[in-house]
Structures are given as C-alpha cells and as structure tokens.
1. Taking the Cα-to-Cβ direction at B:ARG122 and at B:LYS187 and moving 7 Å from each Cα, how far apart do the two end points lie in nm?
2. Once amide H atoms are placed 1.01 Å from N in the peptide plane, what residues at a sequence separation of 5 or more from B:HIS60, or on another chain, have their amide H within under 5 Å of its amide H?
3. Sequence neighbours fewer than 8 away in the same chain don't count; with that in mind, list the aspartates and glutamates whose C-alpha is under 13 Å from A:LYS164.
4. Report the one residue of A:VAL31, B:ALA203, B:GLY58 whose Cα lies farthest in the direction of the positive end of the charge dipole of the protein assembly as shown (charges on C-beta: Lys and Arg +1, Asp and Glu -1; origin at the Cα centre).
5. Please sort through the DSSP H helices of chain B and keep those with an alpha-carbon extent of at least 18 Å along the long axis and a Kyte-Doolittle average not below 1.0.
6. Could you let me know the centre-to-centre spacing of segment A:7-86 and segment A:114-144, using Cα atoms, in angstrom?
7. In the neighborhood of B:ARG110, defined by Cβ-to-Cβ distances under 9 Å, what is the net charge if each Lys or Arg adds +1 and each Asp or Glu adds -1?
8. How big is the dipole moment of chain B about its Cα centre under a simple scheme where the beta carbon of each Lys and Arg is +1, that of each Asp and Glu is -1, and everything else is neutral? Debye, nearest 20, please.
Amino acid sequence: MKERAHLFGSSGGLVGVTTEPDGGALPGAPVVLLFNVGLNHRVGPGRLNVDLARSLAAVGVPSLRFDVSGLGDSEPRGDAGDDVARQVADLREAMDFAEKKLGVHRFVPVGLCSGTDGVHGAAMADPRVAGAAFLDGYAYATPGYRFRASMLRLGRLRDPVRWKFALRRRWRRLRGLSTGEEVEIGAPEPIFDRSYPPVERFRSDLEALLARNVKLLFVYTAEAWFFNHREQFRRMVGWRTLPPAVEVEYWREADHVFRTLAQRRRAVQRVTSWVRDALVEAPARRAGAA
Amino acid sequence: MQPTFFGKSGQQLFGVYHPPLARRSPAASALLCHPAAQEYMRTHWAFRKLAAELSRAGLHVLRFDWHGTGDSSGEPQGASVPLWISDVGTAAAELADLADVARPSLVGLRLGALLAALAVQRGLAVKDLVLWEPALDGASHLRELAEIEKARYDSLAMPSRSGPEELFGYAMTSALRRELEALDLRKVGPLRADRIVVVTGAARPEHEELRASLRDGAGRPPEILVAVEDVKDPTDGVMLSSKAQMAIAATVAGAAA
C-alpha cells in the first residue's frame, strides 16, 4: 500500500491522500472517493476513512480521501454555491485529479449523513460515477415506519436502562448540571438541519442512476432520521422489488458515526466487500469472458 | 500549505508544512504536536489556525499526525509511547530540512504536550517549549478522557459502549495504557529548552505543581500564561480557541525575534 499527499483542484487548494494497493490496482477497479463527515477533517470520525481506504487497498482498490473546500486542510472555494453545490464541485474536481493521477475513469463516492447530499448530486451530475454509497442517506417516513417508531417508543418504556438515562438526565437538569440540550434519536438539532429532495424526485433520480448501471449501497443506522427497517426502503421509493443493483441494510445496533471499534469494522468491511463484489469483480469477470 | 509524508518507509508520518508568509531573520520554526485520539479530531481546526498564525508571523511550521493516528501510517494497536516520542524527533528532523533551522520551538496540546516534553527530556534540542493545557500525567489524563466519553455517551439516546481495549472509539491496547499511565510531566526533570511556557484557559493548582517541578535549561520554572477563552468548556474551548492561539503565536514569534 502506497499513500501520497496531494494538493489539487481548480485553485490547487484541496488537500487529499491517495491510497494505492501494493502491486497496483485490480483491473477494472474504480477509485473510491472519501471525504468529510460533518465538520471532521478527511480522516473521518474514529479514523473511519483511513481504515476504509486501507481496507480497500488490501483488496486492490485505490482511493482518494480529501477535504472538501473550507473544511479540514482545504481552502474555501472562491465561487458561489451552497454546501451541496460546493461538495459536488469538489467531488468532480477530485475525479478530474484522480483520472490524471491514477489513470482510472470510474469512481465511487462514499458519503455519511450530510455527505450523502454531495454523493447524490455528484452521481447525478457526472457519468464517471459507477457506484455510490450512502451511509444514513435520504429516508422518508412510511406508515410502517411510524408504526414501528411508536412501538419502539412503547418498548423503551419497558427498558430499565433507558429509564435510568432519562432519570439521570432529569436529575442533572434539576441540579443545574445540564441545560437539557441532550439530543434524542431523530430529533433535529437547531444548528443542523437538512432538506431532503421530495421522494418522487429521489425515486426518479435512482431510476436514472440505475439506467446508467450505477451500483448503489444504502446503509441506515439506528440513528438515521426517518428509517427503521430494511424493507422500508423499497416501500418509501414505491418499488415492488429491490433492483439487484441496489443494496440496502438497516443496522439497528449501530449509531450514526459507528462510534465503537466493532461498529466501525463492520462498516469498513461492508463497504469494502460491496465495492469488491459489485464494482470490481463483476466487470473484471465480464472482461475476462468477452 | 504543503501536505507531505515523511520518515522511514513503512513508518511514514503525515504532516502539513506551512512556509513562512513574512520575512524573518534569523529564520525560525515551530513544530506542533497534536493531542491523541478523539481530542486530535476535535482540535484539528485549532491546529490549522495556530499554524497559519505562526506562518503569518514568519515561522516555518510543521504539524504532524502521530504513528497510528490521522493520516500517518500504522494502526493504533501498534502505537507505543517510545514510538510517539521518536515521532517528535522524526518530525523535528523533517522541519529542520524544510526550514534550515536547527532548533524549533515545540508546541504540544494535552497528551501532545506531555510527549513533547519527553522528547526534549530525551535530548531533542528546542527553543521554546509550549505546553498547551498539558496532560499532567498519563493516568489522570486517561481517567479524564474516560469520564468525558461516559458523559457524552450517557447523554445520547442510544449509548454505545467502548470495548475493553478501546477509549472513545479508538483502540487503546493494555500495553499502551500501561505506558501512558507511567508518564508524569512533574517527573521529567530539567529540560534543555530556552524557556518553558504553560498556556491555559484558567490557572489551576496543578500549574503550581509544574512550576515547582519543571525547570528550563537555565534552571527557571515555567511561565504560566493564562489566555481566557470565550468558550468555557475545556474541550470545546480548545477546539474553538482563538485566545490561546494568539497567545502562543505571540510567545513563540516573540521569542524567535
């Protein structure tokens, strides 16, 4: 595995690290693009992006992890645009750079939470995107979601651990030790809000990507907004069956940023195996058979 | 700003070099030592700002990731205190090459301050040694991190617990834990630095312990520089700090003048 540091982008102000497998990339392997999660710099929460880059290199897949403009070590962009527009522009500049540097023309952006906005936008805007992974990406409440959420709330009433935490929170508030700012699952924080596209547009976008043979991975955690069952994905989009190019998982034990080592390993392994199986081996096999 | 990998093949460290943006004679340099694990993530932005401030004051600046952390090579499971102390020397040698300055000033935050002091104890020649909210000893530092982790996770609706060889979601082997628990800033003895400065958001009794125990190359105790932040929380205060950065930049740049 070889890692190199780079300055790139139209203004030369984006900072990134390429991770290349020893002995070169597998034939037909794409370049995976990893970038900021929230305000964390490019290494990701708990070093998630570094672990993922090295895990991918171990199976022959190169990657570029970088800071989008204005975050981490990267300079702000001079041109206008909201957060999503800037993410998309940065992702496309990352593809331009990696094409020249690594000689690869297929890309797989991986986003977590607000990063999925940029992944979605880049996938729609750029035909070089061959696959896209969304960790806690867009979700839409369905009747099933609301029913399960109600049951979950009822179930919590029987959970002594949750009572303990709730009582402790109340006690801390009464003693003035806490301002009551703790955030419950799914409760939007006042400083952080996102707008999802209407579900009809989400569906038509997915269908446009599938028509381009783009592979899609969606992993939702227990802290995802508006999502609480794997089957919900198909229902919220309005599909009778899940297309083979779309993989969906719901991890009820995982939190939003995979805080523990065990959760992070699971996320790293899942994304690595998806890239290897859906985006490397299949095209390589086809090329071999042709 | 120039991101770079340096050091021995297979053990490469990641660093960001900030060349001086103002002319200064004689040339001067500063090496910045991050805290570890979760504190490293939360203070990355503060280090970028501090490096930019020093660079504007005309210093060559290098900030780097410890072995097994950030973008540097290796896994946290392979990290050790001797390896991290040797990282300071490796980074100092890289900065000396880039800046053509023999002795850098050394700035370390929290565990980074303790490791920086140990690197000086082992013979690294430096000008100023700036200990920014230093971890006084490894054992209390680990306890404090565990308490912060517990408070933060307990406040979540879905608390997730670290495993036994894990702290704040980062691997912490029992061997590394033992090594860290054996460290004590009050017992490092005299340090061959021109000056030792402790930078803190609030003066505390433990700083008097440092004044009683630490000595610079001329036998003087450390100066205590209080830079009161607008944000009072000790962790967020550092992450969002501006006062401490300005104070450190003025101290290091002033000494280098």
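1. 1.8
2. Under 5 Å from the amide H of B:HIS60 lie the amide H atoms of B:ALA28, B:SER29, B:ALA30, each far enough along the sequence or on another chain.
3. B:ASP154
4. Farthest towards the positive pole: A:VAL31.
5. Values: long enough: B:37-56 (28 Å, -0.77); B:81-99 (27 Å, 0.97); B:138-154 (24 Å, -0.89); B:243-256 (20 Å, 1.05).
Passing helices, by number: B:243-256.
6. If you average the Cα positions of each part, the centres end up 17 Å apart.
7. Numbers: positive: none; negative: B:GLU39, B:GLU133.
Combined, the nearby Lys, Arg, Asp and Glu give -2.
8. Details: 28 positive and 31 negative charges, 133 e Å.
Value, rounded to 20: 640 debye.
Read-outs: derived from the displayed coordinates by stated rules, not from any lab. These numbers come from a predicted model, not from an experiment. So basically every Cβ, Gly included, is an ideal-geometry build from the backbone, and we count neighbours across all protein chains shown.
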